[in-house]
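The values are calculated or read from the model by the stated rules, or taken from the named source; none is laboratory data. Computed from a prediction, not measured in an experiment: that's the story for all the values here. Counting neighbours? That spans all protein chains shown, and the Cβs are built from the backbone with ideal geometry, glycine included.
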Amino acid sequence: MKLSTQLISSLSLCAAALTLSTLSGCQGQPSENPPIHPNLNMDFQTKYRPQKENKFFEDGRAMRLPVAGTVAQGQLKEDSALHLGKSGEAFVTKIPVGISLPLVERGQERYNIYCAVCHGKTGQGNGIVIQRNAGMLKPPSIHEERLVNMPAGQVYDAIKNGVRGNMPSYAYAIPVEDRWAIVAYIQALQLSQRGTIDNVPSDLATSKGWKR
Ligand code: HEC
């Protein structure tokens, strides 16, 4: 009698342990079965992942090209001055976006990130990359007469398309507005090296005792 009570109690203990381990799904163990997914949300959808086949189309590709002759909304880029820096074939001389202090400051930040490594922080053409690679083509100083007189659109074009294969294009990294911000900052840098007493506001010049 005593033996059978013991047997029953140890059997029920075993059963309880088994139920528990089944319910907990042996957490932490690798399993071939798909995980239990009580809340489906939108986790399983009928959709095509990139590069997948779709027999509905003649060419069998699920990824579709835009229909020939169509342009995505907002991508027409009609404004040639803004997007190409050109009016007809000629480079624009005026920056086609509104100039403000925040724009120039943005340009300074972007210039220091993307251009200063080669062109140098002040635009002398002596960035860290040039200093450390003796054989590398040195960019021209932006304070050279040719670059000072360069139309704004041509500087924009240098960022967008690169220069003669010697400077890479930065179109992928720098969006349109930022390109113009950099052009504005380059103009400010150029001005900073060519200032005369006439650029100083007259009241400041008088208070400092500077003669015009
Ligand atoms: C990897 C180095 C490198 C970086 C980064 C670089 N440049 Fe240049 N850049 C050059 C070199 C080299 C030249 C000279 C190319 C030549 O004369 O063939 C050049 C030339 C230029 C010119 C003169 C174009 C001309 O027609 O003569 C401009 C303007 C210019 N860069 C602007 C920029 C701006 C703005 C940036 C940042 C967005 C930038 N560069 C980033 C290397 C660089």
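Quick one: which residue in Glu109, Glu78 is in a loop (DSSP other than H, G, I, E, B), without any contact (Cβ under 8 Å) to a residue 12 or more places away in the chain and not aromatic (Phe, Trp, Tyr)?
Details: Glu109 fails: in a loop (DSSP other than H, G, I, E, B).
Just one listed residue meets the conditions, Glu78.
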Restricting to the stretch 129-153, what's the tally of residues that are surrounded by fewer than 14 Cβ atoms within 10 Å (Cβ to Cβ) and in a helix (DSSP H, G or I)? 4
Considering only residues that are surrounded by fewer than 20 Cβ atoms within 10 Å (Cβ to Cβ) and among the small types (Gly, Ala, Ser), look in the stretch 154-190 and name the one that is farthest from Leu101 (Cα to Cα). Gly165
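Could you grab me the full set of residues in the stretch 172-204 that are in a loop (DSSP other than H, G, I, E, B), under 17 Å from Lys160 (Cα atoms) and more than 10 Å from the ligand (Cβ to nearest atom)? Steps first, please.
Our first condition is that a residue be in a loop (DSSP other than H, G, I, E, B); within the stretch 172-204, this holds for 172-175, 195-196, 200-201.
Remaining after also requiring under 17 Å from Lys160 (Cα atoms): 172-175.
Of everything in the stretch 172-204, those that are in a loop (DSSP other than H, G, I, E, B), under 17 Å from Lys160 (Cα atoms) and more than 10 Å from the ligand (Cβ to nearest atom) turn out to be Tyr172, Pro175.
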Cβ pairs under 7 Å, 6+ apart or interchain, first in the stretch 152-163 and more than 6 Å from the ligand (Cβ to nearest atom), second part of a helix (DSSP H, G or I) and charged (D, E, K, R), ordered by first then second residue, are Tyr156/Arg179; Lys160/Arg179
For Arg146, indicate whether it is among the charged types (D, E, K, R) and on the phi > 0 side of the Ramachandran plot. no
Can you find a residue that is crowded, with 18+ Cβ neighbours inside 10 Å and out of contact with any strand residue (DSSP E or B) (no Cβ under 9 Å at 6 or more places or on another chain) anywhere in the stretch 191-201? no
When residues of the stretch 69-89 are filtered for being charged (D, E, K, R), loosely packed, with under 10 Cβ neighbours inside 10 Å and modelled with pLDDT under 95, how many remain? 1
Considering residues that are of a type in the set (Val, Ile, Thr) and either touching a Gly at 6+ places or on another chain (Cβ under 6 Å) or near the ligand (Cβ under 10 Å from one of its atoms) (or both), the number found within the stretch 139-151 is 1
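For every residue, the table says whether it meets (1) touching a Gly at 6+ places or on another chain (Cβ under 9 Å); (2) under 25 Å from Ala81 (Cβ atoms).
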residue	(1), (2)
Leu103	no, yes
Ala116	yes, no
His119	yes, yes
Asn133	no, no
Asp157	yes, yes
Asn166	no, no
Tyr172	no, yes
Taking Phe56 as meeting all but one of (1) assigned to a loop (DSSP other than H, G, I, E, B); (2) in contact with a Pro (Cβ under 8 Å, 6 or more places away or on another chain), write down the number of the exception. (2)
Exactly one condition in (1) at pLDDT 95 or above; (2) within 11 Å of the ligand (Cβ to nearest atom) is false for Met136; which is it? (1)
Of the conditions (1) farther than 23 Å from Asp79 by Cα; (2) in contact (Cβ under 8 Å) with a residue 24 or more places away in the chain; (3) not in a helix (DSSP H, G or I), Asn126 fails just one. Which one is it? (2)
